[in-house]
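**Student:** Structure provided below as C-alpha coordinates; questions to follow.
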Amino acid sequence: MRDIFLDLKGSFISENELEAISPEIMAAQELLLHKKGISSDMTGWVDYASNINIEEYNEIKKSAKYIKDNCDAFILLGIGGSYLGAKAVVEAIRGDFHNELTSPKIYYAGQNLSGAYLKNLVEVVKEKDICIIVISKSGTTLETAVSFRIIKELMEQKYKQEANNRIFVITDKEKGALKNISNINNYKTFVIPDDIGGRYSVITPVGLLPMAAAGLDTDEFINGLKSGAEDYKNKNFNDNICCLYAAARNILNRRGKDVEILVNYEPSCISISEWWKQLFGESEGKEGKGVFPASLNFTTDLHSMGQFVQEGRKIIFETSVIIEDSKIDIVVPYDDKDFDKLNYISGKKLSFLNKNAFEGTFMAHNEGDVPGIVIKVPEMNEFYLGKLFYFFMMTCGISGYTNNIDPFTQPGVENYKKNMFRLLGKR
Ligand code: PA5
(Lines give C-alpha, C1' and ligand atoms only; values in the text may rest on other atoms or scores of the structure.)
Protein backbone atom coordinates (compact mmCIF):
# COMPACT_ATOMS: atom_id res chain seq x y z
CA MET A 1 0.00 0.00 0.00
CA ARG A 2 1.18 3.54 -0.70
CA ASP A 3 2.00 5.34 2.50
CA ILE A 4 3.28 8.55 4.04
CA PHE A 5 7.03 8.58 3.57
CA LEU A 6 9.79 10.53 5.34
CA ASP A 7 12.93 11.39 3.40
CA LEU A 8 15.97 12.56 5.38
CA LYS A 9 18.44 12.39 2.47
CA GLY A 10 18.82 16.17 2.27
CA SER A 11 18.84 16.72 6.03
CA PHE A 12 22.65 16.63 6.47
CA ILE A 13 22.12 14.12 9.28
CA SER A 14 24.38 11.08 9.37
CA GLU A 15 23.46 7.50 10.28
CA ASN A 16 25.77 7.82 13.29
CA GLU A 17 23.92 10.87 14.60
CA LEU A 18 20.59 9.08 14.24
CA GLU A 19 21.94 6.05 16.03
CA ALA A 20 23.34 8.21 18.82
CA ILE A 21 20.04 9.93 19.57
CA SER A 22 17.85 6.84 19.10
CA PRO A 23 17.89 5.68 22.77
CA GLU A 24 16.56 9.09 23.89
CA ILE A 25 13.84 9.02 21.24
CA MET A 26 12.77 5.48 22.01
CA ALA A 27 12.64 6.25 25.74
CA ALA A 28 10.37 9.23 24.95
CA GLN A 29 8.15 7.06 22.74
CA GLU A 30 7.89 4.50 25.55
CA LEU A 31 6.78 7.22 28.00
CA LEU A 32 4.13 8.42 25.57
CA LEU A 33 2.73 5.04 24.52
CA HIS A 34 2.65 3.63 28.01
CA LYS A 35 1.32 6.84 29.58
CA LYS A 36 4.27 7.18 31.96
CA GLY A 37 5.44 10.67 31.01
CA ILE A 38 4.52 14.08 32.41
CA SER A 39 0.83 15.02 31.87
CA SER A 40 0.09 11.46 30.80
CA ASP A 41 -3.52 12.21 31.73
CA MET A 42 -3.60 14.37 28.57
CA THR A 43 -2.65 11.61 26.15
CA GLY A 44 -6.15 10.30 25.44
CA TRP A 45 -5.64 11.15 21.76
CA VAL A 46 -3.10 8.32 21.36
CA ASP A 47 -5.80 5.62 21.20
CA TYR A 48 -8.99 7.72 20.85
CA ALA A 49 -9.76 6.69 17.26
CA SER A 50 -9.21 3.00 17.95
CA ASN A 51 -11.77 3.12 20.78
CA ILE A 52 -14.23 5.55 19.24
CA ASN A 53 -17.64 5.71 20.89
CA ILE A 54 -19.96 4.55 18.09
CA GLU A 55 -23.10 5.95 19.69
CA GLU A 56 -21.57 9.42 19.91
CA TYR A 57 -20.14 9.12 16.40
CA ASN A 58 -23.61 8.30 15.02
CA GLU A 59 -24.97 11.39 16.79
CA ILE A 60 -22.24 13.46 15.13
CA LYS A 61 -23.32 12.12 11.73
CA LYS A 62 -26.96 12.89 12.53
CA SER A 63 -26.15 16.48 13.49
CA ALA A 64 -23.97 16.88 10.39
CA LYS A 65 -26.88 15.73 8.23
CA TYR A 66 -29.18 18.23 9.92
CA ILE A 67 -26.70 21.01 9.17
CA LYS A 68 -26.29 19.94 5.52
CA ASP A 69 -30.05 19.63 5.04
CA ASN A 70 -31.02 22.88 6.73
CA CYS A 71 -28.47 25.49 5.78
CA ASP A 72 -26.51 26.84 2.88
CA ALA A 73 -23.76 28.09 5.19
CA PHE A 74 -22.44 27.20 8.60
CA ILE A 75 -20.16 29.16 10.87
CA LEU A 76 -17.52 27.42 12.94
CA LEU A 77 -16.73 29.46 16.05
CA GLY A 78 -13.52 28.63 17.89
CA ILE A 79 -9.86 29.56 18.26
CA GLY A 80 -6.57 27.62 18.21
CA GLY A 81 -7.14 23.90 18.56
CA SER A 82 -10.88 24.45 18.50
CA TYR A 83 -10.98 25.33 14.79
CA LEU A 84 -7.63 25.02 13.03
CA GLY A 85 -7.73 21.26 12.46
CA ALA A 86 -11.19 21.18 10.89
CA LYS A 87 -10.39 24.24 8.77
CA ALA A 88 -7.20 22.60 7.54
CA VAL A 89 -8.95 19.38 6.50
CA VAL A 90 -11.93 21.15 4.90
CA GLU A 91 -9.69 23.40 2.80
CA ALA A 92 -7.27 20.64 1.83
CA ILE A 93 -10.05 18.32 0.63
CA ARG A 94 -12.68 20.72 -0.69
CA GLY A 95 -10.10 22.94 -2.34
CA ASP A 96 -9.19 26.58 -2.72
CA PHE A 97 -12.53 28.02 -3.86
CA HIS A 98 -14.82 25.64 -2.01
CA ASN A 99 -17.24 28.32 -0.85
CA GLU A 100 -17.82 29.34 -4.47
CA LEU A 101 -17.90 25.81 -5.89
CA THR A 102 -19.50 23.60 -3.24
CA SER A 103 -22.12 23.66 -0.51
CA PRO A 104 -22.55 24.32 2.36
CA LYS A 105 -20.37 27.41 2.54
CA ILE A 106 -18.21 27.54 5.65
CA TYR A 107 -17.20 30.64 7.58
CA TYR A 108 -15.07 31.04 10.67
CA ALA A 109 -15.52 33.28 13.71
CA GLY A 110 -14.37 33.38 17.31
CA GLN A 111 -10.70 33.35 16.31
CA ASN A 112 -10.03 37.08 16.69
CA LEU A 113 -11.39 40.24 18.30
CA SER A 114 -11.76 42.26 15.11
CA GLY A 115 -14.97 44.30 14.95
CA ALA A 116 -14.54 44.74 11.21
CA TYR A 117 -14.25 40.97 10.66
CA LEU A 118 -17.37 40.16 12.64
CA LYS A 119 -19.43 43.04 11.24
CA ASN A 120 -18.56 41.95 7.68
CA LEU A 121 -19.28 38.32 8.49
CA VAL A 122 -22.74 39.25 9.79
CA GLU A 123 -23.35 41.11 6.49
CA VAL A 124 -22.27 38.05 4.50
CA VAL A 125 -24.41 35.51 6.36
CA LYS A 126 -27.50 37.44 7.44
CA GLU A 127 -29.58 36.52 4.38
CA LYS A 128 -28.36 32.94 4.22
CA ASP A 129 -29.80 29.92 5.96
CA ILE A 130 -27.25 29.25 8.67
CA CYS A 131 -26.29 26.85 11.42
CA ILE A 132 -23.41 27.37 13.82
CA ILE A 133 -20.97 25.10 15.59
CA VAL A 134 -19.44 26.67 18.71
CA ILE A 135 -16.31 25.00 20.06
CA SER A 136 -14.49 25.86 23.26
CA LYS A 137 -13.07 23.34 25.70
CA SER A 138 -12.77 25.83 28.55
CA GLY A 139 -16.01 27.48 27.54
CA THR A 140 -14.58 30.82 28.65
CA THR A 141 -12.36 31.96 25.75
CA LEU A 142 -13.13 35.63 25.13
CA GLU A 143 -12.72 35.65 21.34
CA THR A 144 -15.15 32.75 20.91
CA ALA A 145 -17.60 33.85 23.63
CA VAL A 146 -17.97 37.41 22.27
CA SER A 147 -18.43 36.20 18.69
CA PHE A 148 -20.98 33.65 19.87
CA ARG A 149 -22.97 36.34 21.69
CA ILE A 150 -23.14 38.42 18.50
CA ILE A 151 -23.97 35.55 16.11
CA LYS A 152 -26.45 34.08 18.61
CA GLU A 153 -28.33 37.38 18.66
CA LEU A 154 -28.49 37.31 14.86
CA MET A 155 -29.77 33.72 14.92
CA GLU A 156 -32.43 34.48 17.53
CA GLN A 157 -33.71 37.48 15.57
CA LYS A 158 -33.80 35.45 12.39
CA TYR A 159 -35.11 32.08 13.60
CA LYS A 160 -36.78 32.89 16.97
CA GLN A 161 -37.17 29.67 19.00
CA GLU A 162 -35.95 27.52 16.09
CA ALA A 163 -32.48 29.09 16.52
CA ASN A 164 -31.76 26.60 19.30
CA ASN A 165 -31.98 23.70 16.83
CA ARG A 166 -29.40 25.38 14.61
CA ILE A 167 -26.76 25.85 17.30
CA PHE A 168 -24.37 22.99 18.02
CA VAL A 169 -21.91 23.14 20.90
CA ILE A 170 -18.73 21.21 21.61
CA THR A 171 -17.27 21.81 25.06
CA ASP A 172 -16.30 20.30 28.40
CA LYS A 173 -18.68 17.72 29.86
CA GLU A 174 -19.57 19.92 32.85
CA LYS A 175 -17.47 23.07 33.27
CA GLY A 176 -17.59 26.54 31.69
CA ALA A 177 -20.04 29.24 30.68
CA LEU A 178 -20.62 27.64 27.27
CA LYS A 179 -21.78 24.41 28.92
CA ASN A 180 -24.21 26.42 31.09
CA ILE A 181 -25.64 28.34 28.13
CA SER A 182 -25.96 25.08 26.25
CA ASN A 183 -27.85 23.40 29.09
CA ILE A 184 -30.23 26.35 29.48
CA ASN A 185 -31.04 26.49 25.76
CA ASN A 186 -30.99 22.77 25.17
CA TYR A 187 -28.47 22.98 22.33
CA LYS A 188 -27.21 19.72 20.85
CA THR A 189 -23.89 19.31 22.66
CA PHE A 190 -20.83 17.11 22.20
CA VAL A 191 -18.04 16.60 24.69
CA ILE A 192 -14.30 17.23 24.38
CA PRO A 193 -12.75 14.48 26.50
CA ASP A 194 -10.89 15.56 29.65
CA ASP A 195 -7.74 13.78 28.55
CA ILE A 196 -7.38 15.54 25.17
CA GLY A 197 -6.12 19.13 24.92
CA GLY A 198 -7.24 21.67 22.30
CA ARG A 199 -4.44 21.21 19.78
CA TYR A 200 -4.77 17.40 19.87
CA SER A 201 -8.57 17.52 19.61
CA VAL A 202 -9.09 17.47 15.83
CA ILE A 203 -9.68 13.70 16.15
CA THR A 204 -12.70 14.21 18.49
CA PRO A 205 -16.11 15.84 17.79
CA VAL A 206 -14.11 19.10 17.51
CA GLY A 207 -12.83 18.00 14.10
CA LEU A 208 -15.37 15.34 13.19
CA LEU A 209 -18.58 17.41 13.37
CA PRO A 210 -17.43 20.30 11.14
CA MET A 211 -15.76 17.87 8.72
CA ALA A 212 -18.90 15.75 8.45
CA ALA A 213 -21.09 18.86 8.09
CA ALA A 214 -18.77 19.96 5.27
CA GLY A 215 -19.54 16.67 3.51
CA LEU A 216 -16.18 15.01 4.15
CA ASP A 217 -15.70 11.29 4.67
CA THR A 218 -15.01 11.14 8.42
CA ASP A 219 -14.96 7.32 8.36
CA GLU A 220 -11.87 7.53 6.17
CA PHE A 221 -10.33 10.25 8.38
CA ILE A 222 -10.78 7.91 11.37
CA ASN A 223 -9.31 5.00 9.38
CA GLY A 224 -6.25 7.18 8.72
CA LEU A 225 -5.92 7.94 12.44
CA LYS A 226 -6.21 4.25 13.26
CA SER A 227 -3.62 3.35 10.67
CA GLY A 228 -1.28 5.94 12.22
CA ALA A 229 -1.90 4.55 15.71
CA GLU A 230 -1.09 1.05 14.45
CA ASP A 231 2.03 1.93 12.44
CA TYR A 232 3.60 4.54 14.70
CA LYS A 233 3.65 2.43 17.84
CA ASN A 234 6.43 0.46 16.13
CA LYS A 235 9.38 0.16 18.50
CA ASN A 236 11.95 -0.20 15.76
CA PHE A 237 13.54 3.26 15.50
CA ASN A 238 14.55 2.98 11.84
CA ASP A 239 11.08 1.80 10.76
CA ASN A 240 9.11 4.45 12.60
CA ILE A 241 8.84 7.78 10.78
CA CYS A 242 7.59 9.61 13.90
CA CYS A 243 10.74 8.58 15.77
CA LEU A 244 12.94 9.50 12.81
CA TYR A 245 11.28 12.91 12.33
CA ALA A 246 11.49 13.65 16.08
CA ALA A 247 15.16 12.60 15.99
CA ALA A 248 15.94 14.79 12.97
CA ARG A 249 14.29 17.88 14.49
CA ASN A 250 16.17 17.46 17.76
CA ILE A 251 19.54 16.79 16.10
CA LEU A 252 19.18 19.90 13.93
CA ASN A 253 17.99 22.02 16.86
CA ARG A 254 20.98 20.98 18.96
CA ARG A 255 23.15 22.15 16.07
CA GLY A 256 21.66 25.65 16.31
CA LYS A 257 18.85 25.30 13.80
CA ASP A 258 16.21 27.13 15.81
CA VAL A 259 13.56 27.57 13.11
CA GLU A 260 11.68 24.87 11.21
CA ILE A 261 9.70 26.04 8.23
CA LEU A 262 6.93 23.79 7.02
CA VAL A 263 6.66 24.25 3.29
CA ASN A 264 3.76 23.37 1.01
CA TYR A 265 3.35 23.72 -2.73
CA GLU A 266 -0.48 23.73 -2.68
CA PRO A 267 -2.45 26.79 -1.52
CA SER A 268 -5.19 24.50 -0.22
CA CYS A 269 -2.67 23.20 2.35
CA ILE A 270 -1.91 26.57 3.96
CA SER A 271 -4.14 25.82 6.95
CA ILE A 272 -2.42 22.47 7.53
CA SER A 273 0.67 24.55 8.27
CA GLU A 274 -1.35 26.81 10.59
CA TRP A 275 -2.57 23.77 12.52
CA TRP A 276 0.98 22.34 12.60
CA LYS A 277 2.42 25.63 13.90
CA GLN A 278 0.00 25.65 16.82
CA LEU A 279 0.69 21.99 17.57
CA PHE A 280 4.46 22.35 17.76
CA GLY A 281 4.62 25.98 18.96
CA GLU A 282 2.32 25.54 21.96
CA SER A 283 3.63 22.09 22.76
CA GLU A 284 7.39 22.71 22.59
CA GLY A 285 7.92 26.42 23.18
CA LYS A 286 8.50 26.49 26.91
CA GLU A 287 11.31 26.69 29.49
CA GLY A 288 13.41 28.59 26.95
CA LYS A 289 13.37 25.57 24.63
CA GLY A 290 11.78 24.50 21.38
CA VAL A 291 12.15 24.87 17.63
CA PHE A 292 10.25 27.94 16.35
CA PRO A 293 7.67 26.58 13.89
CA ALA A 294 7.14 28.80 10.87
CA SER A 295 5.56 28.13 7.49
CA LEU A 296 6.04 29.19 3.89
CA ASN A 297 3.82 28.65 0.89
CA PHE A 298 5.76 27.88 -2.26
CA THR A 299 6.20 28.82 -4.96
CA THR A 300 4.47 32.06 -3.85
CA ASP A 301 6.88 32.81 -0.99
CA LEU A 302 9.94 31.95 -3.06
CA HIS A 303 9.47 35.43 -4.46
CA SER A 304 9.68 36.96 -1.00
CA MET A 305 10.97 34.86 1.89
CA GLY A 306 12.90 32.51 -0.41
CA GLN A 307 15.75 35.01 -0.34
CA PHE A 308 16.11 34.68 3.45
CA VAL A 309 15.96 30.91 3.34
CA GLN A 310 18.64 30.78 0.63
CA GLU A 311 21.10 33.35 1.95
CA GLY A 312 19.98 34.63 5.36
CA ARG A 313 21.07 33.50 8.84
CA LYS A 314 21.68 29.77 8.97
CA ILE A 315 19.15 29.06 11.70
CA ILE A 316 16.57 27.35 9.49
CA PHE A 317 15.76 23.85 8.43
CA GLU A 318 13.03 23.19 5.90
CA THR A 319 10.38 20.46 6.02
CA SER A 320 8.48 20.12 2.74
CA VAL A 321 5.09 18.40 2.62
CA ILE A 322 4.67 17.03 -0.88
CA ILE A 323 1.38 15.65 -2.23
CA GLU A 324 2.47 13.08 -4.79
CA ASP A 325 -0.68 12.68 -6.93
CA SER A 326 -2.74 15.71 -7.86
CA LYS A 327 -6.25 14.61 -8.84
CA ILE A 328 -7.15 18.06 -10.16
CA ASP A 329 -4.78 19.48 -12.73
CA ILE A 330 -4.51 21.65 -15.81
CA VAL A 331 -2.27 21.61 -18.89
CA VAL A 332 -0.19 24.46 -20.36
CA PRO A 333 -1.77 25.06 -23.81
CA TYR A 334 0.19 25.19 -27.09
CA ASP A 335 0.24 28.62 -28.75
CA ASP A 336 1.19 28.93 -32.45
CA LYS A 337 2.72 32.36 -32.00
CA ASP A 338 4.64 31.55 -28.80
CA PHE A 339 5.23 35.23 -28.02
CA ASP A 340 5.56 34.32 -24.33
CA LYS A 341 8.13 31.61 -25.23
CA LEU A 342 6.31 28.97 -23.22
CA ASN A 343 5.87 26.32 -25.91
CA TYR A 344 8.79 24.37 -24.42
CA ILE A 345 6.42 23.37 -21.60
CA SER A 346 3.21 23.21 -23.62
CA GLY A 347 1.28 19.99 -23.03
CA LYS A 348 2.80 19.65 -19.55
CA LYS A 349 0.59 19.58 -16.47
CA LEU A 350 0.95 22.28 -13.82
CA SER A 351 1.66 19.49 -11.30
CA PHE A 352 4.74 18.63 -13.38
CA LEU A 353 5.92 22.25 -13.24
CA ASN A 354 5.24 22.34 -9.49
CA LYS A 355 7.22 19.12 -8.95
CA ASN A 356 10.19 20.56 -10.80
CA ALA A 357 9.90 23.78 -8.81
CA PHE A 358 10.07 21.70 -5.62
CA GLU A 359 13.10 19.72 -6.77
CA GLY A 360 14.90 22.85 -7.96
CA THR A 361 14.15 24.69 -4.72
CA PHE A 362 15.15 21.77 -2.53
CA MET A 363 18.50 21.51 -4.35
CA ALA A 364 19.12 25.26 -4.18
CA HIS A 365 18.36 25.44 -0.46
CA ASN A 366 20.53 22.41 0.21
CA GLU A 367 23.37 24.14 -1.69
CA GLY A 368 22.66 27.21 0.50
CA ASP A 369 23.35 25.01 3.54
CA VAL A 370 19.70 24.60 4.56
CA PRO A 371 18.92 21.06 5.75
CA GLY A 372 15.82 19.65 4.08
CA ILE A 373 13.35 17.05 5.32
CA VAL A 374 10.62 15.79 2.98
CA ILE A 375 7.28 14.30 3.99
CA LYS A 376 5.61 12.65 1.01
CA VAL A 377 1.84 12.14 1.12
CA PRO A 378 0.51 9.83 -1.64
CA GLU A 379 -2.60 11.91 -2.31
CA MET A 380 -4.85 14.46 -0.64
CA ASN A 381 -7.75 12.55 0.86
CA GLU A 382 -9.35 12.07 4.27
CA PHE A 383 -7.42 8.86 5.01
CA TYR A 384 -3.97 10.33 4.43
CA LEU A 385 -4.86 13.55 6.23
CA GLY A 386 -5.97 11.57 9.30
CA LYS A 387 -2.73 9.64 9.17
CA LEU A 388 -0.65 12.80 8.61
CA PHE A 389 -2.25 14.55 11.59
CA TYR A 390 -1.61 11.52 13.78
CA PHE A 391 1.98 11.42 12.51
CA PHE A 392 2.53 15.06 13.53
CA MET A 393 0.85 14.65 16.93
CA MET A 394 2.87 11.54 17.76
CA THR A 395 6.10 13.19 16.62
CA CYS A 396 5.27 16.25 18.73
CA GLY A 397 4.68 14.17 21.87
CA ILE A 398 7.92 12.21 21.35
CA SER A 399 9.89 15.34 20.52
CA GLY A 400 8.59 17.16 23.61
CA TYR A 401 9.44 14.30 25.95
CA THR A 402 12.89 14.01 24.33
CA ASN A 403 13.41 17.68 25.22
CA ASN A 404 12.21 17.13 28.78
CA ILE A 405 9.28 19.51 28.49
CA ASP A 406 5.56 18.93 28.94
CA PRO A 407 4.04 18.91 25.44
CA PHE A 408 0.46 18.99 26.76
CA THR A 409 0.28 22.30 28.63
CA GLN A 410 0.35 25.94 27.50
CA PRO A 411 1.05 28.01 30.64
CA GLY A 412 2.43 30.93 28.60
CA VAL A 413 -0.92 31.45 26.85
CA GLU A 414 -2.45 32.60 30.14
CA ASN A 415 -0.24 35.68 30.53
CA TYR A 416 -1.84 37.79 27.81
CA LYS A 417 -5.28 36.79 29.02
CA LYS A 418 -4.57 37.96 32.58
CA ASN A 419 -3.44 41.39 31.36
CA MET A 420 -6.28 41.72 28.84
CA PHE A 421 -8.96 40.81 31.39
CA ARG A 422 -7.45 43.22 33.96
CA LEU A 423 -7.43 46.03 31.37
CA LEU A 424 -11.02 45.19 30.41
CA GLY A 425 -12.06 45.37 34.07
CA LYS A 426 -13.21 41.73 34.37
CA ARG A 427 -14.27 40.83 37.91
O1 PA5 B 1 -4.30 23.81 22.48
C2 PA5 B 1 -4.94 24.50 23.25
O3 PA5 B 1 -5.32 24.07 24.34
C4 PA5 B 1 -5.37 25.92 22.89
O5 PA5 B 1 -4.81 26.37 21.75
C6 PA5 B 1 -6.88 25.99 22.76
O7 PA5 B 1 -7.28 25.13 21.75
C8 PA5 B 1 -7.34 27.40 22.47
O9 PA5 B 1 -6.78 28.31 23.36
C10 PA5 B 1 -8.86 27.46 22.58
O11 PA5 B 1 -9.26 27.13 23.86
P12 PA5 B 1 -10.77 26.76 24.18
O13 PA5 B 1 -11.12 25.58 23.37
O14 PA5 B 1 -10.78 26.48 25.64
O15 PA5 B 1 -11.61 27.95 23.82
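**Student:** Suppose every K and R has +1 on its Cβ and every D and E has -1 on its Cβ; what is the size of the dipole of the chain about the Cα centre, in Debye to the nearest 20?
**Tutor:** Working: 50 positive and 58 negative charges, 335 e Å.
Its charge dipole is roughly 1620 debye.
**Student:** To continue, here is another question. Which ³J(HN,Hα) values, rounded to whole Hz and listed in residue order, are derived for the range 123-137 from phi using the Karplus coefficients 6.51, -1.76 and 1.60 in 6.51 cos²θ - 1.76 cosθ + 1.60 with θ = phi - 60°, glycine and proline given as x?
**Tutor:** 4, 5, 9, 4, 8, 8, 7, 10, 10, 10, 10, 9, 10, 7, 5
**Student:** On C-alpha positions alone, give me the angle between the axis of helix 241-254 and the longest principal axis of the chain, in degrees, nearest 10.
**Tutor:** 70 degrees
**Student:** Counting only DSSP beta bridges with both residues in the chain, tell me the antiparallel percent, nearest 5. It would help to have the intermediate numbers written out before the result.
**Tutor:** On the way: 5 of 43 bridges.
Of those bridges, close to 10 percent are antiparallel.
**Student:** Stretch residue 416-residue 313 to full length: gain in nm at 0.36 nm per residue minus the Cα-Cα span?
**Tutor:** The span from residue 416 to residue 313 would gain 34.1 nm if fully extended.
**Student:** Residue-wise, which Karplus ³J(HN,Hα) couplings in Hz belong to the range 32-43, taking 6.51 cos²θ - 1.76 cosθ + 1.60, θ = phi - 60°, and x for glycine or proline?
**Tutor:** Going residue by residue, I get 5, 5, 9, 6, 10, x, 5, 6, 5, 6, 10, 10 Hz, with x marking Gly and Pro.
**Student:** Let me ask something else about it. Of the listed pairs 277/418; 158/418; 61/277, which have alpha-carbon separations greater than 27 Å here? Intermediate values should be presented prior to the final figure.
**Tutor:** Working: 277/418 23 Å; 158/418 36 Å; 61/277 29 Å.
As for pairs spanning more than 27 Å Cα to Cα, those are 158/418; 61/277.
**Student:** What nm value, rounded to one decimal, do you get for the distance between residue 255 and residue 65 when each label is placed 7 Å out toward the C-beta?
**Tutor:** Once both label points are built, they end up 5.5 nm from each other.
**Student:** Residue 108's amide H: which non-local residues (gap 5+, or another chain) put their own amide H closer than 5 Å, with H modeled 1.01 Å from N in plane and none for Pro or chain starts?
**Tutor:** Under 5 Å from the amide H of residue 108 lie the amide H atoms of 76, each far enough along the sequence or on another chain.
**Student:** Also: Given H placed 1.01 Å from N in the peptide plane, which residues other than close sequence neighbours of residue 134 have an amide H under 5 Å from its amide H?
**Tutor:** Under 5 Å from the amide H of residue 134 lie the amide H atoms of 77, 168, 169, 170, each far enough along the sequence or on another chain.
**Student:** In addition: Per residue, how many Å² of accessible area does the range 1-95 show with a 1.4 Å probe? Could the numbers behind the result be given before it?
**Tutor:** Values: 4470 Å² over 95 residues.
Ligands and nucleic acids excluded, the figure is 47 Å² per residue.
**Student:** Can you tell me the relative contact order of the chain? Whole percent, Cα pairs under 8 Å, sequence separation 6 or more.
**Tutor:** Once normalised by length, the contact order is 24 percent.
**Student:** Dividing the alpha-carbon radius of gyration of the range 88-205 by 2.2 N^0.38 Å (N being the number of residues), what value is obtained? The partial results should precede the final answer.
**Tutor:** Working: Rg = 14.6 Å, N = 118, 2.2 N^0.38 = 13.5 Å.
Scaled against compact globular proteins, the figure is 1.09.
**Student:** Choose one of 393, 240, 196: the residue whose Cα lies farthest towards the positive end of the charge dipole of the chain (beta-carbon charges +1 Lys, Arg; -1 Asp, Glu; about the Cα centre).
**Tutor:** Among 393, 240, 196, the one farthest towards the positive end of the dipole of the chain is 196.
**Student:** Next question. Starting from the amide H of residue 73, placed 1.01 Å from N in the peptide plane, find each other amide H under 5 Å away whose residue is 5 or more places distant or on another chain.
**Tutor:** Counting only residues 5 or more places away or on other chains, the set is 105, 129, 131.
**Student:** Quick one: pull the percent of accessible area on the range 387-427 belonging to carbon and sulfur, 1.4 Å probe, ligands and nucleic acids left out. Could you put the intermediate results ahead of the total?
**Tutor:** On the way: 1060 of 1990 Å².
Answer for the range 387-427: carbon and sulfur cover 53 percent of the accessible area.
**Student:** Treat every Asp and Glu Cβ in the range 107-247 as -1 and every Lys and Arg Cβ as +1, leave all other atoms uncharged, and give the resulting dipole magnitude about the Cα centre to the nearest 20 debye. Display every interim value, and only then the final one.
**Tutor:** Numbers: 17 positive and 17 negative charges, 99 e Å.
So the dipole magnitude of the range 107-247 works out to roughly 480 debye.
**Student:** Which one, 116, 142, 103, projects farthest toward the positive side of the charge dipole computed for the range 93-153 from Cβ point charges (K/R +1, D/E -1)?
**Tutor:** The one lying farthest along the dipole's positive direction is 142.
**Student:** Given the DSSP H assignment, sum -39500 (n - 2.57) over each helix run of at least 4 residues in the chain and divide by its residue total; what's the result at 222 nm in deg cm²/dmol, nearest 500? Before the final figure, lay out the partial values.
**Tutor:** Working: 15 runs with 198 residues, N = 427.
Calculated mean residue ellipticity at 222 nm is -15000 deg cm²/dmol.
The values are calculated or read from the model by the stated rules, or taken from the named source; none is laboratory data. What you see is a predicted model; the values in this text were computed from it and never measured. All Cβ positions, glycine included, derive from the backbone under ideal geometry; neighbour counts span all protein chains shown. Ligands, DNA and RNA are excluded from the accessible area calculation, which covers all protein heavy atoms including side chains. Shrake-Rupley method; radii C 1.70, N 1.55, O 1.52, S 1.80 Å.
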